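Enquirer: Can you read through this structure? Questions will come right after.
Each reported figure results from applying straightforward, stated rules to the coordinates on display, with no laboratory input. Given the structure is predicted, the values throughout are model-derived calculations rather than measurements. Quick reminder, even Gly has a Cβ in these numbers, built from the backbone with ideal geometry, and neighbours come from all protein chains shown.
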Number of protein chains: 2
Amino acid sequence: MATILDVAKRAGLSKTTVSRVINNQAYVSEEKRALVLQAMKELDYHPNPAARRLRGQQTMTIGVLVSAIVHPLFACLVDAIERTAYENGYKVMICQSQGNKEKELLFLNLLKTKQVDGIIITSLENDWKNIEPFVTHGPIVLCNEYINESSVPVIKLDQFNGTYLGIQHLIKRGHRKIGYCTGGLFAEYGKDKDRNQGYQKAMAEAGVSINPAWIFVDRHTSEDGKKLLAHMLDMDDRPTAIFTGSDEIAAGMLVQAREQGVRIPEDLAVMGFDDQPIAEWTSPPLTTVRQPAEEMGQKSTQMIIDALHQNAAGMEQLELPIEIIIRQST
Amino acid sequence: MATILDVAKRAGLSKTTVSRVINNQAYVSEEKRALVLQAMKELDYHPNPAARRLRGQQTMTIGVLVSAIVHPLFACLVDAIERTAYENGYKVMICQSQGNKEKELLFLNLLKTKQVDGIIITSLENDWKNIEPFVTHGPIVLCNEYINESSVPVIKLDQFNGTYLGIQHLIKRGHRKIGYCTGGLFAEYGKDKDRNQGYQKAMAEAGVSINPAWIFVDRHTSEDGKKLLAHMLDMDDRPTAIFTGSDEIAAGMLVQAREQGVRIPEDLAVMGFDDQPIAEWTSPPLTTVRQPAEEMGQKSTQMIIDALHQNAAGMEQLELPIEIIIRQST
DNA sequence: TTGTAAGCGTTATCAT
DNA sequence: ATGATAACGCTTACAA
C-alpha cells in the first residue's frame, strides 16, 4: 500500500501538503492540489485509518448491541441503523449479547479502546450501574430498551400506550376475561413495567378485575405460544382474549389453535405485538401493536451522530407514537 | 486512557517489558510479570488497537456483506457468522449492499485499507472481475452466493438438487402443470442457473414439457407473491402447482389465495424455498426447501479465520446438502 | 502557500 | 532478562 510519503514524493511535495489535500484544508494552491490528486490516483492511495486514528481521529464506526439479530424487530432496527450510518459515512459493528452479560460488557469495551465512536444499545443485559461508566468514553444511546432513571439519550416507544390501546381494543370487542402474556417478568422497571401498567390501567378503567392466573411471564418464542395455548385449554376457567408480548408468540398460538380446533377469534381473541411482516401472513392475520422500528433506528443513529459532532451527548428522551393495527385475530 | 508508558512507569520497568507481558512472550521473569500485571490492573489499561494496527497487526474484524439484513435468511447467516466470529475473538462489521454496486465496492475497500481482516460476501452485486482485485488485500469468502468460475473459497448449497427434489416432489404428487417462480432472471450463472437447471432436469426426466408462460422471474417479496397469484387466476390455462424462490413469495401467495377463495393445495400446490420460521406459521404450513443457513455461516467464518491464520486463502468449494421439508401446502 | 519536525501508542531490533 | 530506540503512517504546531 502506498503511503502519504509515496504520494508526496511522486507529486514532488511534502507530506504536509498531501495531508492538507486529503483533509481538504485551505491554503493549498489549485496547482499543487491537482498534482497531489493526480499522484493519489496513480498510486491508488488510501489513507491508513489506523494511523489517522492514532492521531486522535474518529473511527467512523458505530457499534450496535442487539440481543439476537434473527429477531425481526432487531433485524429491522439494525437495517435502519446501518442505512442511516452509511449515509453519514459511518460503518456499523454489531454484537449480539444473546443474554450474555459478559459479551455485552466486552462489546462496550470497544468504546473504551476507541474501536467504535459510539454505541447504540437496543437490548440491555447488565444493570445500568455497570454500563454507566462507559459513557465517559463516548456517546451511548438507548434504543427501544430503557431503564427508567437514565442519564443517556433514549429513543423509545410509548409502550404504555401501546398496551393500553391494545387492551382497550379487546374490551371494546366485548371481552372481560383478558389474559396477559409478556416476555418479561411483570417487572418493576423499563419497558416491561410500562406495558404492565398499560394493561392494568385499561383493565381498571373498564372495571374489569385481573385474574393472576391469566398472567403469563417469560414467554418469548412461537414454541412458547404453542405451549401456552395448550395450557390455556386445560384451564377450567379461561380467558376469552389474550394479549401477547410478540407476534411470534401469537403466531405459535394460532398454529396450536388450528391443531386443536380452537377458532380464532370466536373462541379466543389473540393479539400480537410488533407488527412484524409475519403478522400479515398468519391465519387469521394478526391484530397487533405496531412498533415503528425503522424510525427508531434512524433516530437513534442520528442522535448518536449528533452527539459525536457536537462532541457532547445530550440526554434527550424521544418517545415515538405507537398504534394498533386491527386485523382478524380479534 | 492509560498508555503502555504509564504502565511501564508505574511498574518501574520499560515499555518493552510491558509489551512483552501484554503479548505474553518469553523472557520475562515471573516477578516483573506480576508487577506489570498489577500496574495494568490498577490503571485499567487496555492496549490501543489503533497503535497495534499501525504496527501491522490484525484488526480482528471480519466484514460481512449482505443484501438486506431484514431478510430472514441473511439475518440467520449474520447470526451464525457473528457467533462464530466472537467465539474466535473476532468482531463483525456489516454492510447491506441493497442492490447498490457502489456501496458494495466501498465496503470492499475496508479490506484494502485494512479496517477488516477479511470479508464474507453473501450477496454479490458487481461483476466478479471488479471484486477479484480485492483478494490481494485479504481473504474473501463467498457464502451462499457464487459465481461459477471463481478462485476464492465458496460455501454454497446444492441449489440444483434442492430445486430438483422440490420439483420431483410436486411431480410425485401428480402435478404436470408446474409453474416456476424465481428471484433471479432465469439467468445463466450462479445460484439462479443451478436452480433453473434443477427445474429443467426434473421436468425433463418426468417427460413434462415446460410452458414458458409459467416461468415468472424477478419476484422477491410477499407482495410479488400476492400479485402473482392474482395474475395466475387470470390465466386461461394455469399451473396446478408452483415452485417459488422464497418462503416470503409463497406466503404472499397463500394470503392472496385465501382472499380469492383458492384452496391450497387442492386448487394450487405452493412450494417455498428457505424454510424460514414463517414456513410453519402460514396456513397451510409451507412445504419448502430447507437451507442450512446456520451451518453455512459457521463454516464460512471458520474458513476465513483459517485463511487468516494460515496467511493464505485456500480455495475450497464446500457444498452443503439441502433437503425438502414437506408440510401441507403441496 | 509550503515545509520541517514532533508526536500518537505500539512492537521489533538490537544492545546490554 | 531487560531496556533504548527506531519504525508504522498520519496530523499539526510552528517555521519559513
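Enquirer: Hey, any idea what the orientation-averaged projected area of the convex hull of chain B's Cα atoms comes to, in nm²?
Expert: Taking a quarter of the hull surface, the average projection is 20.0 nm².
Enquirer: Loop only per DSSP, at most 11 neighbouring Cβ atoms within 10 Å: give me the trypsin sites (Lys or Arg not before Pro) in the range B:249-309, ordered by residue number.
Expert: B:ARG263
Enquirer: Taking just the alpha-carbon atoms of the range A:236-330, what radius of gyration and Dmax come out, in angstrom?
Expert: Final numbers for Rg and Dmax: 18.3, 61 Å.
Enquirer: Next question. When A:TYR189, B:TYR45, A:TYR27, A:TYR146 are ordered from fewest to most other Cβ atoms inside 10 Å of their Cβ, what list results?
Expert: Final ranking by Cβ density, sparse to dense: A:TYR27, A:TYR189, B:TYR45, A:TYR146.
Enquirer: Follow-up. Which whole-number percentage describes the relative contact order of chain B, with Cα contacts under 8 Å and a sequence gap of 6 or more?
Expert: 17 percent
Enquirer: Under 17 Å from the Cα of A:LYS32, which lysines turn up, not counting those fewer than eight places away in the same chain?
Expert: Within reach: A:LYS9, A:LYS15, A:LYS41.
Enquirer: Binning at 20 Å from 0, report for the protein assembly as shown what percent of all alpha-carbon pair distances ends up in each bin.
Expert: Values per bin, smallest distances first: 17, 44, 31, 8, 0.
Enquirer: So if a site counts as exposed when it's one of the GluC sites (Glu not before Pro), its DSSP state isn't H, G, I, E or B, and it has at most 14 other Cβ atoms within 10 Å, what's the longest stretch of chain B without one?
Expert: Segment B:1-148 is the longest.
Enquirer: Distance from the Cα centre of the range B:193-243 to that of the range A:270-330, in angstrom?
Expert: 36 Å
Enquirer: I would also like to ask the following. Using the 2.2 N^0.38 Å rule of thumb for compact globular proteins, work out how the range A:11-71 stacks up: its C-alpha Rg over that value, please.
Expert: 1.64
Enquirer: To continue, here is another question. Over the range A:119-251, with a single point scatterer placed on each C-alpha, what log10 of the ratio I(q)/I(0) does the Debye formula yield at q = 0.13, 0.20 1/Å?
Expert: Calculated log10 I(q)/I(0) at the listed q: -0.61, -1.14.
Enquirer: For a quick check: with amide H placed at 1.01 Å from N, whose amide H comes under 5 Å from B:ALA269's, ignoring anything fewer than 5 positions away on the same chain?
Expert: B:ALA241, B:ILE242
Enquirer: Considering Cα pairs under 8 angstrom that are at least six residues apart, work out the relative contact order of the range B:208-330 and quote it in whole percent.
Expert: 23 percent
Enquirer: Among the trypsin sites (Lys or Arg not before Pro) in the range A:52-92, which ones are in a DSSP loop with at most 10 other Cβ atoms within 10 Å of the Cβ? Mind listing them?
Expert: Counting only loop positions with at most 10 other Cβ atoms within 10 Å, the trypsin sites (Lys or Arg not before Pro) in the range A:52-92 are A:ARG55.
Enquirer: Take chain A, connect every pair of alpha-carbon atoms lying under 10 Å apart with a spring to form a Gaussian network, then pick out the residue of A:THR282, A:THR136, A:THR17 with the largest mean-square fluctuation.
Expert: A:THR17
Enquirer: At q = 0.17, 0.21, 0.22, 0.23 Å⁻¹, what is the base-10 log of I(q)/I(0) for the range A:5-128 according to the Debye formula with one equal point scatterer per Cα and no solvent? Please give it to two decimals.
Expert: These q points yield log10 I(q)/I(0) values of -0.86, -1.10, -1.17, -1.24.
Enquirer: Within 10 Å of each residue's Cβ, count the other Cβ atoms and sort B:LEU5, B:LEU233 from fewest upward.
Expert: Placing the least packed residue first, the sequence is B:LEU5, B:LEU233.
Enquirer: Let me ask something additional. Please report the base-10 log of the normalised intensity I(q)/I(0) for the range A:258-301, using a Debye sum with one equal scatterer per alpha carbon and no solvent, at each q in 0.17, 0.20, 0.21, 0.24 (1/Å).
Expert: Computed log10 I(q)/I(0) values: -0.57, -0.69, -0.73, -0.85.
Enquirer: Okay, next question. Kindly provide the trypsin sites (Lys or Arg not before Pro) of the range B:126-228 that DSSP labels as loop, not H, G, I, E or B, and whose Cβ sees at most 16 other Cβ atoms within 10 Å.
Expert: For trypsin sites (Lys or Arg not before Pro) across the range B:126-228 that sit outside H, G, I, E and B with at most 16 neighbouring Cβ atoms in 10 Å, the list reads B:ARG173, B:ARG176, B:LYS177.
Enquirer: Using a/c under 1.5 as the rounded threshold, could you call the range B:193-241 rounded, prolate or oblate? The axes a ≥ b ≥ c are square roots of the C-alpha gyration tensor eigenvalues, and prolate needs a/b larger than b/c, oblate otherwise.
Expert: oblate
Enquirer: Here's another thing I want to ask about it. What does the charge count near B:THR240 come to, summing +1 for each Lys or Arg and -1 for each Asp or Glu among other residues with Cβ under 12 Å from its Cβ?
Expert: Net of charged neighbours comes to +2.
Enquirer: Continuing with the same structure: Quick one: the Cα spread of the range A:120-184 along its three principal axes, in angstroms, biggest first?
Expert: In descending order, the Cα extents are 53, 18, 17 Å.
Enquirer: Neighbouring Cβ atoms within 10 Å as the yardstick, rank A:HIS309, B:HIS220 fewest first.
Expert: Placing the least packed residue first, the sequence is A:HIS309, B:HIS220.
Enquirer: In peptide A:242-255, how many Cβ atoms from other protein chains are near each Cβ within 10 Å, on average?
Expert: Mean partner shielding for this stretch: 1.
Enquirer: If you don't mind, there's one more thing I want to ask. Which percent of Cα pairs goes in each bin when the distances of the range B:185-292 are cut into 10 angstrom slices starting at zero?
Expert: It works out to 14, 47, 34, 5, in whole percents.
Enquirer: Hey, how many Å between the Cα centroid of the range A:170-188 and the Cα centroid of the range B:1-73?
Expert: The two parts, judged by their Cα centres, are 51 Å apart.
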